[in-house]
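K.L.:
Mind having a look at this structure? Questions to follow.
The values are calculated or read from the model by the stated rules, or taken from the named source; none is laboratory data. What you are looking at is a predicted structure, and each value in this text was computed from that prediction instead of being measured. All Cβ positions, even for glycine, are placed from backbone atoms using ideal geometry, and neighbour counts span all protein chains on display.
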């Protein structure tokens with residue numbers, strides 16, 4: 001099969017061939033489109049694996065730990081990128097000495113890791129006007145919200161764009177060459193309801209053995225008719241999608257899979273782990289709907305196991321759902337938490353269903369916990385909006401809060417002896433891993449959202465602001 005993709009629209013464009021592959025539920029357009037080159041700055045060089053950051057929080061586990069780096073110099077910036085063409089909601093990625101970042105204007109940029117200059121820009125499509133949506137808090141347009149993912153072997157980056165296609169809002173996955181910026185694949189995804197305007201791809205993309213994993217939830221306000229979705233499709237865009245739908249029974253809706261921007265976790269067996277949000281079942285006596293849950297799915301999107309708090313009905317009613325991606329640790333334990341502030345430990349081999357936790361504690365966060373976590377060894381760092389939390393997980397699942405920071409609050413990562421978190425005040429905080437005290441800080445400037453999270457690669461710590469990327473030396 002020919003694998004390449006369409007540009008912004010399905011209309012024929014001069015100089016490009018088009019191949020159509022028709023299926024029961026799939027229309028795939030394919031061709032190669034050269035990138036728009038804005039500037040050439042430096043040359044691309046091969047990077048060692050430790051110099052790359054290929055997806056949300058670096059690895060399929062979402063651990064968020066920088067390997068081979070111990071210190072970050074925040075005394076001055078290494079560089080600040082040009083102002084980009086849209087708001088930044090995803091995490092900057094690093095591959096082969098390029099920094100790759102996507103915007104709400106449906107554009108993807110490759111920046112030089114040396115000085116932040118633009119190597120190439122690919123504008124994929126026309127984003128969707130916020131005014132055309134039933135609700136939401138992203139404006140003035142919605143384009144690429146979730147963090148992309150890179151397949152290093154294919155030298156290809158994948159993004160999900162929200163775009164206007166023939167007058168309709170659609171969620172579309174693109175595969176783009178990281179070397180040239182050329183579009184290699186374009187594939188629209190299906191949703192349980194035909195109108196895709198109520199759906200939002202807030203989570204990052206993930207890769208599971210040659211398949212792309214994506215999730216969908218709703219816009220801020222949980223308005224109109226949508227259902228949480230976890231889906232996968234082949235990286236070349238061919239073949240059918242596999243999907244799991246939350247709140248799928250007659251009369252049900254919501255159950256967003258959004259996780260504060262974190263990507264689905266892929267374990268060593270290829271199983272996919274996500275957290276689902278509040279569903280529409282809000283009164284006792286109704287069947288469980290897979291909302292407010294940790295869900296373990298096979299690569300074919302079949303449900304393998306789940307956990308939900310015994311308070312899932314009340315959580316649904318008060319929007320106090322599990323809003324952090326599951327922390328799947330290497331010792332067979334899983335940590336789950338969310339807006340309620342309760343932290344649960346689970347047994348990965350038997351999640352236990354409703355009320356099946358090993359241990360439950362109150363975090364003492366004092367605010368909501370949502371976004372991507374980080375973990376190293378037996379300690380998990382959670383994104384409490386008032387400041388990150390450090391929690392030790394014992395071998396039996398026992399939970400102990402080690403410290404609660406009072407600064408930062410965005411999804412944390414770990415670099416050496418520091419936990420790095422971006423605060424709603426536009427400041428990057430380096431928090432001591434032992435004490436929870438702020439040891440370093442650097443002003444970044446205005447942010448686009450409170451889920452901003454830094455990354456590390458090519459000898460840099462990278463932090464997104466509203467429309468720029470800021471780099472600090474890391475070694």
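K.L.:
So, in segment 416-427, exactly how many residues are buried (at least 24 other Cβ atoms within 10 Å of the Cβ) and either touching a residue at least 40 places away in the same chain (Cβ under 8 Å) or more than 24 Å from residue 102 (Cβ to Cβ) (or both)?
P.N.:
3
K.L.:
Could I ask something else about it? From the residues in segment 242-253 that are modelled with pLDDT of 95 or more and crowded, with 23+ Cβ neighbours inside 10 Å, which one is nearest to residue 298 (Cα to Cα)?
P.N.:
First pass over segment 242-253, keeping only residues modelled with pLDDT of 95 or more: 242-246.
When the remaining residues are screened for being crowded, with 23+ Cβ neighbours inside 10 Å, the result is 244, 246.
On the way: 244: 10, 246: 15 Å.
Looking at the filtered set, the residue picked out is 244.
K.L.:
Looking at 211, 202, 187, can you tell me which residue is at pLDDT 95 or above, farther than 29 Å from residue 318 by Cα and within 17 Å of the chain's Cα centre (by Cα)?
P.N.:
Result of the check over 211, 202, 187: 211.
K.L.:
Exactly one of these conditions fails for residue 357: (1) buried (at least 20 other Cβ atoms within 10 Å of the Cβ); (2) under 25 Å from residue 60 (Cα atoms); (3) under 23 Å from the mean Cα position of the chain (by Cα). Give me its number.
P.N.:
(3)
K.L.:
While we're on this one: Look at segment 365-384 and say how many of its residues are surrounded by fewer than 18 Cβ atoms within 10 Å (Cβ to Cβ) and either part of a strand (DSSP E or B) or at pLDDT 95 or above (or both).
P.N.:
Going through segment 365-384 one residue at a time, the tally reaches 4.
K.L.:
Which of (1) buried (at least 21 other Cβ atoms within 10 Å of the Cβ); (2) closer than 28 Å to residue 449 by Cα is the odd one out, the single condition residue 222 does not satisfy?
P.N.:
Answer for residue 222: the failing condition is (1).
K.L.:
Continuing with this model, one more query. Do the conditions hold for residue 17, that is, is it at pLDDT below 95, crowded, with 19+ Cβ neighbours inside 10 Å, part of a loop (DSSP other than H, G, I, E, B) and over 22 Å from the mean Cα position of the chain (by Cα)?
P.N.:
no
K.L.:
Evaluate segment 316-325: report whether one residue or more is more than 21 Å from the chain's Cα centre (by Cα), in contact (Cβ under 8 Å) with a residue 12 or more places away in the chain, under 17 Å from residue 63 (Cβ atoms) and not in a loop (DSSP other than H, G, I, E, B).
P.N.:
no
K.L.:
Can you find a residue that is modelled with pLDDT of 50 or more, more than 26 Å from the chain's Cα centre (by Cα) and in a loop (DSSP other than H, G, I, E, B) anywhere in segment 61-73?
P.N.:
Scanning segment 61-73 turns up at least one residue that is modelled with pLDDT of 50 or more, more than 26 Å from the chain's Cα centre (by Cα) and in a loop (DSSP other than H, G, I, E, B).
K.L.:
Another question, then. May I ask you to list the residues in segment 428-461 that are within 15 Å of residue 76 (Cα to Cα), in a loop (DSSP other than H, G, I, E, B) and touching a residue at least 60 places away in the same chain (Cβ under 8 Å)?
P.N.:
459
K.L.:
Please verify whether segment 80-101 includes one or more residues that are in contact with a strand residue (DSSP E or B) (Cβ under 7 Å, 6 or more places away or on another chain), assigned to a strand (DSSP E or B) and either modelled with pLDDT under 50 or surrounded by fewer than 18 Cβ atoms within 10 Å (Cβ to Cβ) (or both).
P.N.:
Yes, some residue in segment 80-101 is in contact with a strand residue (DSSP E or B) (Cβ under 7 Å, 6 or more places away or on another chain), assigned to a strand (DSSP E or B) and either modelled with pLDDT under 50 or surrounded by fewer than 18 Cβ atoms within 10 Å (Cβ to Cβ) (or both).
K.L.:
On to the next question. Read through the list (1) within 24 Å of residue 415 (Cβ to Cβ); (2) surrounded by 14 or more Cβ atoms within 10 Å (Cβ to Cβ); (3) modelled with pLDDT under 95, then give the number of the only condition that residue 48 fails.
P.N.:
Checking residue 48 against (1) within 24 Å of residue 415 (Cβ to Cβ); (2) surrounded by 14 or more Cβ atoms within 10 Å (Cβ to Cβ); (3) modelled with pLDDT under 95, the one that fails is (2).
K.L.:
Given the options 256, 284, 300, 263, name the one that is part of a loop (DSSP other than H, G, I, E, B), surrounded by fewer than 17 Cβ atoms within 10 Å (Cβ to Cβ) and touching a strand residue (DSSP E or B) at 6+ places or on another chain (Cβ under 6 Å).
P.N.:
Exactly one residue qualifies, and that residue is 300.
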